[in-house]
Each structure stands twice: as C-alpha cells, then as structure tokens.
Amino acid sequence: MTLYYDMDGSPLTLEEWARLFDDTDRRRIGLDHIGVATISTVWIGLDMGVGRIFETLVTGGDYDGYERRYRTMDEAAAGHGEMVELVQRASTLGLRPYVEGDA
C-alpha cells in the first residue's frame, strides 16, 4: 500500500517523499495573513484519507485550528482562496465560526 504521493498524485518512496517534503517553497500552495489569522495551504504528500494529500490550516483568530484537505493541487488552490474569503468576510463582519453546542 502506497502512503506517499507527489503533488500530481504519483506514488513515492519514503526517501523521495522526504527529499521533496524538505523543500518548503515547493510544498507551499498559498499563504495569507488576515489580522491575527494565518491561512496556509501546503502539499503534505501523505494520504490523509481517500487520497487527500494537500491541507489548508488556519492558525490564530477565531478560526484557529480549522482545516480542510484536498486530493489535487487545483482543489487545494481553490480551497485556499475559499478559506481566505471566509476568514476575511467573517473578520469584516465580526462573525465567529459556528461550533456545535454554542448557544
């Protein structure tokens, strides 16, 4: 079973993946800062479920820890833009994310 994948979805050996993963510029799909929030989208290269090898993560602000995962670079780039828009809109309108159990 393959665990490691290149950005185009091609299988990699552990050694190939480690060499590519070490190149942080190559891994980065998007990086934006909105107030105290940072939105980062990167190639992880590990199958994180159903072939999802890219991840968007928000750190800081009300969306801290919010993440999405994607199968392709195109999905990741689009998802990054959507996340930036979501955080920007919420910041502008003073909205907070819904958390189940909130009253």
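Scanning region 1-40 for residues that are small (Gly, Ala, Ser) and in contact with a helix residue (DSSP H, G or I) (Cβ under 8 Å, 6 or more places away or on another chain) yields GLY30, GLY35, ALA37. The single residue among ILE53, ILE39 that is over 20 Å from LEU20 (Cα atoms), aliphatic (A, V, I, L, M) and surrounded by 16 or more Cβ atoms within 10 Å (Cβ to Cβ) turns out to be ILE39.
Can you tell me how many residues in region 61-96 are of a type in the set (Gly, Ala, Ser) and more than 17 Å from VAL42 (Cα to Cα)?
4
Each reported figure results from applying straightforward, stated rules to the coordinates on display, with no laboratory input. This is a predicted model, so every value here is computed, not measured. Virtual Cβ from ideal backbone geometry, glycine too; neighbours counted across all protein chains shown.
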